[in-house]
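Remarks on the structure that follows.
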Amino acid sequence: MKRILARLIAVPICATLGACMMGPDYVRPQVAVPQAFKEATPDWQPAQPADGAPRGPWWQVFHVEELDRLEEQAAKANQNIAVAEANYRRAVGVTDQAVAALFPTLSVSAGISRSANPVAGLSTIPLVTYHQLTASASWVPDLWGAVRRNIEEQKADEESSKDLLGNALLSLQSTLATDYFALRVDDEQQRLLEEAVKAYQRSLELTESRYRGGVAARTDVVQAQALLEATKAQAIDVGIQRAQTEHAIAVLLGKAPSEFSIARQPFDLTAPTVPAQVPSVLLQRRPDVASAERLAAAANAQIGVAQAAFFPTLTLPASGGFRAASGTPLLQMDNRFWTLGPTLAELLFDAGARSAAKQQAIAGYDAAVATYRQTVLTALQNVEDQLVALRLLEQETAVEDAAVEAAEETLRLTINQYKAGTVSYLNVITAQTTALTDHITALTIRGRQLAAAAQLIAALGGDWRPDAALAPSAQAR
């Protein structure tokens, strides 16, 4: 309430003094963007930053209850989010401090002192004790807008910190979803390898039986054994990868890896279909784009602060109170005193320090504008990258599924031919290796589809579903 009241009082003060404000008024930098995304239909259009729109719990489009729970836990316990939230609160405090500079300062002091004043004709110097009560006030009117420009700067920094908090949260959500999908891919890959180990064990037993019957050569047994052991080693390696991914998820949730685990589950995940009619305004909600734009506004205000330093400073001090010797009532009209008088100060020579400060502010603004434009271009690239990834991965999935079916049929025919003695065991090993490789490749592609879908939604700034942006639960978040 105190913060709101201070800012409400500051409004008429700013309006009264608004005639003199140094520095250029801020205008959002222009960014040249294409009329449409290259990798999508013409319905996808870039837009300007508008990060206040609700983003919604976008990860729910994957329909995974466990991921929903993990996302909620991460938002509450992730330490990077805690850092970003603390930085935002600090920025709010800095803005309030800047607003306070518009108002006069008031102070009260009370003191007691002893003094010795020589008196003619007396051999001893008398000691006198004085009591004093003083109230003072001082105000530096913001004649040239330095304080108001500083408020603009700090307010823009505050908004940028808020956007950075949103960006940290969106990045956390995307990273957690991507890691979770990678974990599920590891689980499924481990299942495929375990089934392959069982199949290769049966093939080894078949080969050994044929070797004992004099039908197969000893090399067939050795080759079958080698393939079996290599597949076991591959399964162990996937276990390492899976454990490390689980550790990464634990850290995202603010937990020690030793205190967290996720049970293996069957792989039944599918990437959502992002419709071609997604509104173009979704890119407006990118918090990193909005943060960069606010930093440009802050840098622009800094130019005004630097320019106002060239003008004189007017100070309006006032003080008054009561002063009396010990034994005399303090609060009497005869003991009162007061002082009042404005002070006008101007720095005449600083060896170019103020000019250098202004040059720094202008250069800082140019850098902030370039950073903002680069952030917009990077955001557009993120969307294009994931659009093309989803489009081509869908085609690759269809091709690889056909390859898996062909590899399975080849393996079945090759095993029958080996049993009939028409091909060597090397043909069986080749067919088994090809089938397993195609299965793992198909699984990897599906994992990449899931990751690309999550990263596309994050690149768009959040949930693309129209109802999600209007849902009360999304607005509450």
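Can you say whether GLU152 is open to solvent by 60 Å² or more (accessible area, probe 1.4 Å), acidic (Asp, Glu), in a helix (DSSP H, G or I) and in contact (Cβ under 8 Å) with a residue 60 or more places away in the chain, as far as the supplied structure shows?
Numbers: open to solvent by 60 Å² or more (accessible area, probe 1.4 Å): yes; acidic (Asp, Glu): yes; in a helix (DSSP H, G or I): yes; in contact (Cβ under 8 Å) with a residue 60 or more places away in the chain: yes.
Yes: the conditions hold for GLU152.
Only one of these is closer than 30 Å to ILE457 by Cα, modelled with pLDDT of 90 or more, among the aliphatic types (A, V, I, L, M) and in a helix (DSSP H, G or I): ALA407, ALA402. Name it. Talk me through it step by step, then tell me what you get.
Details: ALA407 fails: closer than 30 Å to ILE457 by Cα.
When all the criteria are applied, what remains is ALA402.
Give THR414, THR375, THR433 a once-over and let me know the one that is under 30 Å from LEU227 (Cβ atoms), among the hydroxyl-bearing types (Ser, Thr, Tyr) and under 46 Å from the mean Cα position of the chain (by Cα). Let's see the steps before the verdict.
Numbers: THR414 fails: under 46 Å from the mean Cα position of the chain (by Cα); THR375 fails: under 30 Å from LEU227 (Cβ atoms).
Being under 30 Å from LEU227 (Cβ atoms), among the hydroxyl-bearing types (Ser, Thr, Tyr) and under 46 Å from the mean Cα position of the chain (by Cα) holds for just one of THR414, THR375, THR433, which is THR433.
Those residues that are farther than 20 Å from ALA199 by Cβ, of a type in the set (Gly, Ala, Ser) and either at pLDDT 90 or above or surrounded by fewer than 21 Cβ atoms within 10 Å (Cβ to Cβ) (or both), I need them from the stretch 432-477; list them, please.
GLY447, ALA451, ALA452, ALA453, ALA454, ALA468, ALA469, ALA471, SER473, ALA474, ALA476
Looking only at the stretch 71-80, count how many residues are open to solvent by 10 Å² or more (accessible area, probe 1.4 Å) and out of contact with any Gly (no Cβ under 7 Å at 6 or more places or on another chain).
Result for the stretch 71-80: 5.
Go through (1) open to solvent by 50 Å² or more (accessible area, probe 1.4 Å); (2) modelled with pLDDT under 90; (3) in contact with a helix residue (DSSP H, G or I) (Cβ under 6 Å, 6 or more places away or on another chain) and name the single condition VAL289 misses.
For VAL289, the failing item is (1).
Starting from residues that are touching a helix residue (DSSP H, G or I) at 6+ places or on another chain (Cβ under 8 Å) and either at pLDDT 95 or above or open to solvent by 60 Å² or more (accessible area, probe 1.4 Å) (or both), keep the ones in the stretch 215-226 and report whichever is nearest to THR430 (Cα to Cα).
Start the filter on the stretch 215-226 by keeping residues that are touching a helix residue (DSSP H, G or I) at 6+ places or on another chain (Cβ under 8 Å), which leaves 216-221, 223-225.
From what's left, either at pLDDT 95 or above or open to solvent by 60 Å² or more (accessible area, probe 1.4 Å) (or both): 218-219, 223, 225.
Numbers: ARG218: 18, THR219: 15, GLN223: 11, GLN225: 14 Å.
Taking the candidates together, the pick is GLN223.
Considering each residue of the stretch 357-409, count those that are of a type in the set (A, V, I, L, M), open to solvent by 30 Å² or more (accessible area, probe 1.4 Å) and closer than 21 Å to GLU293 by Cα, and give that number.
Summing the residues that are of a type in the set (A, V, I, L, M), open to solvent by 30 Å² or more (accessible area, probe 1.4 Å) and closer than 21 Å to GLU293 by Cα in the stretch 357-409 gives 5.
Return only the number of the condition from (1) in a strand (DSSP E or B); (2) loosely packed, with under 12 Cβ neighbours inside 10 Å that ALA318 does not satisfy.
(2)
Select, from THR375, THR397, THR371, the only residue that is of a type outside the set (Asp, Glu), under 30 Å from GLN432 (Cβ atoms) and in a helix (DSSP H, G or I). Full working, then the answer.
Working: THR375 fails: under 30 Å from GLN432 (Cβ atoms); THR371 fails: under 30 Å from GLN432 (Cβ atoms).
Criteria check complete, one pass: THR397.
Look through ASP366, ASP401, ASP438 and report the one residue that is closer than 30 Å to ASN300 by Cβ, more than 22 Å from the chain's Cα centre (by Cα) and not hydrophobic (A, V, I, L, M, F, W, C).
Working: ASP401 fails: closer than 30 Å to ASN300 by Cβ; ASP438 fails: closer than 30 Å to ASN300 by Cβ.
Step by step, each of ASP366, ASP401, ASP438 is checked, and only ASP366 is closer than 30 Å to ASN300 by Cβ, more than 22 Å from the chain's Cα centre (by Cα) and not hydrophobic (A, V, I, L, M, F, W, C).
THR343 is checked against (1) surrounded by 13 or more Cβ atoms within 10 Å (Cβ to Cβ); (2) farther than 27 Å from ASN300 by Cβ; (3) among the hydroxyl-bearing types (Ser, Thr, Tyr) and fails just one. What number does that condition carry?
(1)
Give me the pairs, please: first residue somewhere in the stretch 372-390 and more than 19 Å from GLN449 (Cα to Cα), second residue anywhere and open to solvent by 30 Å² or more (accessible area, probe 1.4 Å) and among the charged types (D, E, K, R), beta-carbon distance under 8 Å, and either six or more positions apart or on two chains.
Within 8 Å, the pairs are THR375/ASP288; ALA379/ASP288.
So which residues in the stretch 308-346 are of a type in the set (A, V, I, L, M) and touching a residue at least 12 places away in the same chain (Cβ under 8 Å)? Even if it seems obvious, please write down each step before you answer.
Residues of the stretch 308-346 that are of a type in the set (A, V, I, L, M), as a first pass: 308-309, 314, 316, 318, 324-325, 330-331, 333, 340, 344-345.
Listed by number, the residues that qualify are ALA308, ALA309, LEU314, LEU316, ALA318, ALA324, ALA325, LEU330, LEU331, LEU340, LEU344, ALA345.
Return the residues of the stretch 128-139 that are modelled with pLDDT under 90 and open to solvent by 30 Å² or more (accessible area, probe 1.4 Å); say none if nothing qualifies.
First, the residues of the stretch 128-139 that are modelled with pLDDT under 90: 128-133.
Hits for the stretch 128-139 are VAL128, TYR130, HIS131, GLN132, LEU133.
The values are calculated or read from the model by the stated rules, or taken from the named source; none is laboratory data. The structure presented is a predicted model; accordingly, all values stated were derived computationally and were not measured. Note that each Cβ is placed from the backbone with ideal geometry, even for glycine, and that neighbours are counted across all protein chains shown. Surface areas here come from the heavy atoms of the whole protein model, side chains and all, with no ligands, DNA or RNA. Shrake-Rupley method; radii C 1.70, N 1.55, O 1.52, S 1.80 Å.
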